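Have a look at the structure below before the remarks.
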Amino acid sequence: MTTRTREPLIFERSVAGKVGMDLPRLDVPAARDTRPAHLKRGEFKALPSVTEVDVIRHFTRLSHWNYGVDDGFYPLGSCTMKHNPRINEKVAALPGFADTHPLAPAAHVQGNLAVLYTLQEWLKEITGLPAVTLQPCAGAAGELTGVMLIRSYHVSKGAKRRVILLPDSAHGTNPATAAMAGYEVVVVASQADGTVSFEDVTGADGKVQKGLDTLLAELGQEVAGLMLTNPNTLGIFEYRIQDISEALHKVGALLYMDGANMNALVGVARPGDFGVDVMHLNLHKTFSTPHGGGGPGSGPVACTMELEPFLPRPVVVRDTAKVGEGGVAQHSYRLDWDRPLSIGKVHAFFGNFGIVVRAMTYCFSHGGDGLKAATLRAIVNANYIRKELAGVYHMEYQTPTLHEVVLDDSEMANDVHTLDVAKGLIDRGFHPPTIYFPAIVHGALMIEPTESESKEEMDEFIAAMKDIALQAAENPESLHQAPVLVGMRRLDETMAARKPVLRWT
Amino acid sequence: MRYLPSAPSEDRALLDAIGVGRAEDLLQGIPAPLRLDRELDLPGQQSEQEVLQQMAALAAMNTQFHSRFLGAGAYDHFVPAAVDQMISRQEWFTAYTPYQPEISQGTLQHIFEYQTLTCDLTGLEVANASLYDGASACVETALMAVRLQKKRKTILISAGLHPHYQEALCTNITPHEGLQLVLVQLKDGVTDMDDLAAKLNGDVAAVMVGYPNFLGCVEDLKAISDAAHAAGALAVSVTQEALAFGWLEAPGKLGADMATGEAMSFGNKLNFGGPYLGFLAVKDSQKREIPGRVVGQTRDLDGQVGYVLTLTAREQHIRRDKATSNICSNQGLVALRANIFLQLAGPEGLKGLALQNVAKAQYLQARLLELPDFSAKFSAPFFNEFVTCYKGDMKTLQAECAKAGILPGLDLTPYAADLKNCILWCATELNSRAQIEQLVEVLARVPSLVGLAGVAK
C-alpha cells in the first residue's frame, strides 16, 4: 500500500551518475565509430539517471493508483473484464515460445505453427465459420481486416461498392474502420426494441431515420456490407439477423459481425449458422487475455470460404503424412505465402502471437463444456443485476438481454447524472460501468459483469448502486463531489485538451 | 471449473432471483433455430497441470537455438528481471484503458512518461500511447501524413523499409482511391538520392525511409529530409530497431517531421513476432491529426497535478467515421515494458548498450569476412545488422548451423533479385564472443560452392 498522494515524474528523481542497468563486460574489441559526424547521437534531455530501486519503487507506487480486475468488480460494458488466469501468463513466458524468432525457418517453429493452426481450428468451431486469421492485433484491427476482405471480394466481382451500413448503436470503431477501408458510412435506424429496424423510424424530434429496407432499396448495389454487433451494444440479440443477412445477400452485400460481445454466444450460438459472412473476435475480451491497461489485444477474423482467398498472408497450413506400418498420421505445419488474392499483410510477422498462446491456454482450461458454462454464467450474472436494479434505475429497452444490461440516469433525482453515479461507485470501491455508451441511450450505464463474478461480489455492487440512488435523493451533493476517497478528485479534461501538456519538459 | 463461481446453492439462488428454472431459459432472446443444438467439438476441461503439460509439449516442438544471429525487425535483447516482475503486478496488467482517470493515475502517468521518452529518443514533440507494431505504425503515419498534406496523394517509400511494413502499407493504402505508394530504389544498400529526386514532385505528401533500414544500413536522414522538404513533402523516419537511437542522432534533429517504427527492443522477448510496440512521434503543430490515445497533464478539483486521456475529439469513440484512426486497444502493457526498460537504462545505459551492439556486429562482420565465402555487400555504416554475400549453399549453411544450435542470419534470396545468396546478420549484446567464434567455426566447415565445383571437375 501507499499513503503518498503524489509520486513525482521519474524525471524529477534523476541524479546524474546514477545507473539502473549495469552492462555486461564487452568481450570483443570496442566499436569503431563509423557514423558521419552529423549522425552521432546528441544528448538525451529526459531519459532519467536512476537506480533499479528508484524504478521499482516508482512503478510500484504508481500501480497503487490503478484499479484492476483483481481489485474487484470491473463491469466495464463491452470490454468483458473477466478474470485473467495466471497459467496463461506462465505458458506465454515459456522459453520454448518466448525465445522463438518469427523469421526462423518453419521446421524450427513447428510448435508455434501448431498453436496458430489449432486455435484457428477451435475458433472455426466456435464461430461456425470455415476460415480464420489470427494476424490482427486488436478488435479494431480485426474489423479493418474484415472490411478489407469484403472490399476485395467486391473488387473481385467487379466493383468495390461505396457504402458500409451500420446501426446507430454501433461502437465508434465500426464507422472509423469503414472510413479507413475507404467506405462511406450510412446509419440504419434502430427500432423500439433496440434492434436493427427494417422499416423507417420517426424519432421524438420528428426526424425520420431510414430502416434497412429503405436503404437497401435506395442504395442497392452501392452497399458493400453491414457491420452489426451481435448481441448488440444493449446486450440484445439481433433476433432477425438471418433476415438481415438474406436482405443483404439479395443485393450482393455481405454481413460483418463485430464479435466484441461474443462472450454471450460461445457454445450457445454460432454466427456462421445465422448468416454472418465475416466477423472478428477479441481474444482480450472473450478469451481472457489481460487488457494490459490498453492492450495488447488480439482480433482474429473468421469468414466464409467465399472470403477465404483474401485472408492476410501468410496462412498456416497443416500437412498430414501417414508414416510407419500402421499408417500413423503425422502432422507438419508450414506457412503459405503464395496467396495471390490475399489483401496482404496487416501486421509484421504473425500479429500478437503471445496473446494467441494465452487464448489457446484459456480454451484448453475450459474445454468446450467449460466455455459454454462460462457463457451461461455471464448471461445469468447480467440478468441477476438487471433484475435487482431494474426497479432502481431506468432501463430504456425492456427486451431480454444476454451478457450485459444498459441502465440510465433519466429517473435520477436532483440533477444527479451518470457521471456522478460512476464517480460514486469509485468511492464505494468499484470500477464504474461503461458510461454514455451506446449513444442511443441517454446517460447510459452499460454493465457487463462477466462470468467471473460471484453472487456475493455482485450483491455488494448492487447494494452500492442502490445506495447511490438513495444518496441522489437525499444527499446529491455527495455524488456531485465524488470521488473523494481515492487520492485524486475529478480532473479538468477541458483544460487538458485546451492547453495540451503532453510531455515533461 | 476453477474460474467459474458456480455452486449448486449459488446457481439456484441466482436463477430463483431472476425467476427462471435454468440458465438456458435466459437464451429466449436468441430464436431457437439459431441456437447451437449440440456441444462444441473441442477438447474437454482440463486441470492447470494438464494444460501446462500440453502447452509445454507444444513449446518443446520449437527448436531452442542457444545462439541467434537473426534480427530483421525482431531483435534479441536482454530483458531485465525488473521489467517482467513489474508488469506482472495486477494493477498494470489486469486494468484496461484509463477511462476513469481518478482510479487510473498509475497507467496515465506511465503513458505520460512513455510519451516523454519517445519524444526524447526521436527528437520530436508529441508522441502517442502506442500503436500495434512497426508495420501498422507505418500505415497510421502514412495516412496521417496524407491528412496533413491535404491535396498531395503520393507516398514515397524507400525500398529499404522492412518488407512487411511495405506490404502492410500496400494493404492499407490500396482501399484509398487516389492515394498511391511509389517505391524509391536503393543504391549500395541506401536510398538512391537520384531516384528520390526524380520521384519527388508536388503530389508527394511524404517520404518514408528506414533509419537504419531493413538491410541494416544507416541512411543519411538529413539529406533525405532536406530533399523531401525542398519538394514540400514531409520526411518520415521509420526505425525497426529502436535501440539504434542510443547511437544515432534523433530523427527530429535531422529534419524528420515524423518518427515511427518498432520499439520491441525495449524490454521484450522475441515472442515469435508479437506483441511488439509501434511508436509514433510528431511535431507539435501536427498533434491534432495524430492517431491513437494521448495522455495530457491537468489538475483535479483540489489543484493537484494529474493525468487524463486527451485530444479525444480525434478518436473513434467521439468522431466515429471522421476519426484520425479506428485504433482503440493498443499495446499498453508493451509500452509499459519499454518505459520501465528505458528508465532502468538511462542515458548512459542506452548509449552503452547501443555501443555494445555496434561492437558485436562489427566483430561478427570482421570474423565472417575472414572466411573465403563471405564478402561485404554494402559500404554504408551499420548499427547491429549488416549484409554479406555468400558463395556457398544456403541450405547446407542453415542445416549445419541448426545442428550446432545456431540460428543464422536471414537468407535474403526471396526478398529481392539483387540480394540472391545474401545474408542479413544481426548481433546484439546477447551474442558472446564465444558464440561468434563457434558460428565462424561451423561456417568454415560448410563446403563452398566453389569447392564443390572443384570436386565435380
Exercise. Could you grab me the full set of residues in region B:66-119 that are at the interface with chain A (Cβ under 7 Å from one of its Cβ atoms), more than 27 Å from residue B:311 (Cβ to Cβ), outside any loop (DSSP other than H, G, I, E, B) and not hydrophobic (A, V, I, L, M, F, W, C)?
Key: B:68, B:90
Quiz item: What number of residues within region A:46-75 are facing chain B (nearest Cβ under 7 Å) and either surrounded by fewer than 15 Cβ atoms within 10 Å (Cβ to Cβ) or of a type in the set (Gly, Ala, Ser) (or both)?
Solution: 5
Exercise. Restricting attention to strands (runs of 3 or more DSSP E) lying wholly within region B:171-282, give those where 3 or more residues are in contact with a strand residue (DSSP E or B) (Cβ under 6 Å, 6 or more places away or on another chain) and not assigned by TED's automatic domain parsing to the domain that holds residue B:117.
Key: none
Quiz item: Just a yes or no: is a residue in region A:210-223 more than 23 Å from the chain's Cα centre (by Cα) and either outside the structural domain of residue A:181 (by TED's automatic domain parsing) or basic (Lys, Arg) (or both)?
Solution: yes
Practice problem: Taking only region A:79-110 into account, find how many residues are surrounded by fewer than 24 Cβ atoms within 10 Å (Cβ to Cβ), more than 7 Å from chain B (Cβ to nearest Cβ) and part of a loop (DSSP other than H, G, I, E, B). | Solution: 1
Practice problem: Take the residues in region B:62-76 that are among the hydrophobic types (A, V, I, L, M, F, W, C) and within 12 Å of the chain's Cα centre (by Cα), then tell me which one is surrounded by the most Cβ atoms within 10 Å (Cβ to Cβ). | Solution: B:74
Quiz item: Going through region B:1-53 one residue at a time, which ones are more than 7 Å from chain A (Cβ to nearest Cβ) and more than 30 Å from residue A:390 (Cβ to Cβ)?
Solution: B:2, B:37, B:38, B:47, B:49, B:50, B:53
Quiz prompt | Filter result (facing chain A (nearest Cβ under 7 Å) and part of a loop (DSSP other than H, G, I, E, B)) within region B:326-380 | solution = B:326, B:327, B:328, B:329, B:330, B:331
Practice problem: Would you check if there is a residue in region B:3-14 being loosely packed, with under 15 Cβ neighbours inside 10 Å, touching a residue at least 60 places away in the same chain (Cβ under 8 Å) and either more than 30 Å from residue A:239 (Cα to Cα) or among the charged types (D, E, K, R) (or both)? | Solution: no
Self-check item: Residue satisfying all of: in region A:149-166; of a type in the set (D, E, K, R) and buried (at least 20 other Cβ atoms within 10 Å of the Cβ); farthest from the other protein chains (Cβ to nearest Cβ) among these
Solution: A:161
Quiz prompt | Among (1) within 30 Å of residue A:96 (Cβ to Cβ); (2) surrounded by 17 or more Cβ atoms within 10 Å (Cβ to Cβ), the one test that residue B:103 misses | solution = (1)
Self-check item: Those residues of region B:33-90 which are touching a residue at least 40 places away in the same chain (Cβ under 8 Å), among the hydrophobic types (A, V, I, L, M, F, W, C) and within 25 Å of residue B:403 (Cα to Cα), in sequence order
Solution: B:65, B:69, B:70, B:72, B:74, B:78
Quiz item: On the given criteria, is residue A:469 among the hydrophobic types (A, V, I, L, M, F, W, C) and either in a loop (DSSP other than H, G, I, E, B) or within 30 Å of the chain's Cα centre (by Cα) (or both)?
Solution: no
Quiz item: From B:311, B:301, B:280, which residue is within 8 Å of chain A (Cβ to nearest Cβ), out of contact with any Cys (no Cβ under 6 Å at 6 or more places or on another chain) and buried (at least 19 other Cβ atoms within 10 Å of the Cβ)?
Solution: B:311
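Matching residues to (1) out of contact with any Ser or Thr (no Cβ under 6 Å at 6 or more places or on another chain); (2) assigned to a helix (DSSP H, G or I):
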{"site": "A:179", "(1), (2)": "yes, yes"}
{"site": "A:182", "(1), (2)": "yes, no"}
{"site": "A:186", "(1), (2)": "yes, no"}
{"site": "A:193", "(1), (2)": "no, no"}
{"site": "A:204", "(1), (2)": "yes, no"}
{"site": "A:215", "(1), (2)": "yes, yes"}
{"site": "A:218", "(1), (2)": "yes, yes"}
Quiz item: Among A:411, A:396, A:460, A:456, which is the only one that is over 26 Å from the mean Cα position of the chain (by Cα) and part of a loop (DSSP other than H, G, I, E, B)?
Solution: A:411
Practice problem: Please find, among B:244, B:256, the residue that is touching a residue at least 60 places away in the same chain (Cβ under 8 Å) and closer than 21 Å to residue B:345 by Cα. | Solution: B:244
Quiz item: residue A:351 versus (1) modelled with pLDDT under 95; (2) over 30 Å from residue B:238 (Cβ atoms): which is the lone unmet condition?
Solution: (2)
Quiz item: So which of B:202, B:178 is in contact with a Gly (Cβ under 9 Å, 6 or more places away or on another chain), without any contact (Cβ under 8 Å) to a residue 60 or more places away in the chain and not aromatic (Phe, Trp, Tyr)?
Solution: B:202
Quiz prompt | Flag for residue B:122 being facing another protein chain (nearest Cβ under 7 Å), surrounded by 20 or more Cβ atoms within 10 Å (Cβ to Cβ) and among the β-branched types (Val, Ile, Thr) | solution = no
Quiz item: Do you know which residues across region B:375-399 are within 30 Å of residue B:351 (Cα to Cα) and among the aromatic types (Phe, Trp, Tyr)?
Solution: B:378, B:382, B:383, B:386
Exercise. Enumerate the pairs (first residue in region B:351-370 and in contact (Cβ under 8 Å) with a residue 60 or more places away in the chain; second residue anywhere and surrounded by 21 or more Cβ atoms within 10 Å (Cβ to Cβ) and among the acidic types (Asp, Glu)) with beta-carbon separation below 8 Å, excluding pairs fewer than 6 apart on the same chain, so at least 6 apart or on different chains.
Key: B:353/B:429; B:356/B:429; B:357/B:429; B:360/B:429; B:361/B:385
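Tell me which residues, restricted to region B:1-46, are among the aliphatic types (A, V, I, L, M) and outside any helix (DSSP H, G or I).
First, the residues of region B:1-46 that are among the aliphatic types (A, V, I, L, M): B:1, B:4, B:7, B:13-15, B:17-18, B:20, B:23, B:26-27, B:30, B:32, B:34, B:36, B:40, B:42.
Those that are among the aliphatic types (A, V, I, L, M) and outside any helix (DSSP H, G or I): B:1, B:4, B:7, B:20, B:30, B:36, B:40, B:42.
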Exercise. Considering only residues that are of a type in the set (Ser, Thr, Tyr) and in contact with a strand residue (DSSP E or B) (Cβ under 7 Å, 6 or more places away or on another chain), look in region A:234-269 and name the one that is surrounded by the fewest Cβ atoms within 10 Å (Cβ to Cβ).
Key: A:245
Quiz item: What is the number of the single condition among (1) more than 9 Å from chain B (Cβ to nearest Cβ); (2) under 19 Å from residue A:353 (Cβ atoms); (3) crowded, with 19+ Cβ neighbours inside 10 Å; (4) of a type in the set (Gly, Ala, Ser) that residue A:146 does not meet?
Solution: (2)
Exercise. Restrict the check to region A:428-435 and report whether at least one residue is at the interface with another protein chain (Cβ under 9 Å from one of its Cβ atoms) and hydroxyl-bearing (Ser, Thr, Tyr).
Key: yes
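The values are calculated or read from the model by the stated rules, or taken from the named source; none is laboratory data. What you see is a predicted model, and the numbers here were worked out from it, not measured in a lab. Don't worry about glycine lacking a Cβ; one is built from the backbone with ideal geometry, like all the others, and counts go over all protein chains shown.
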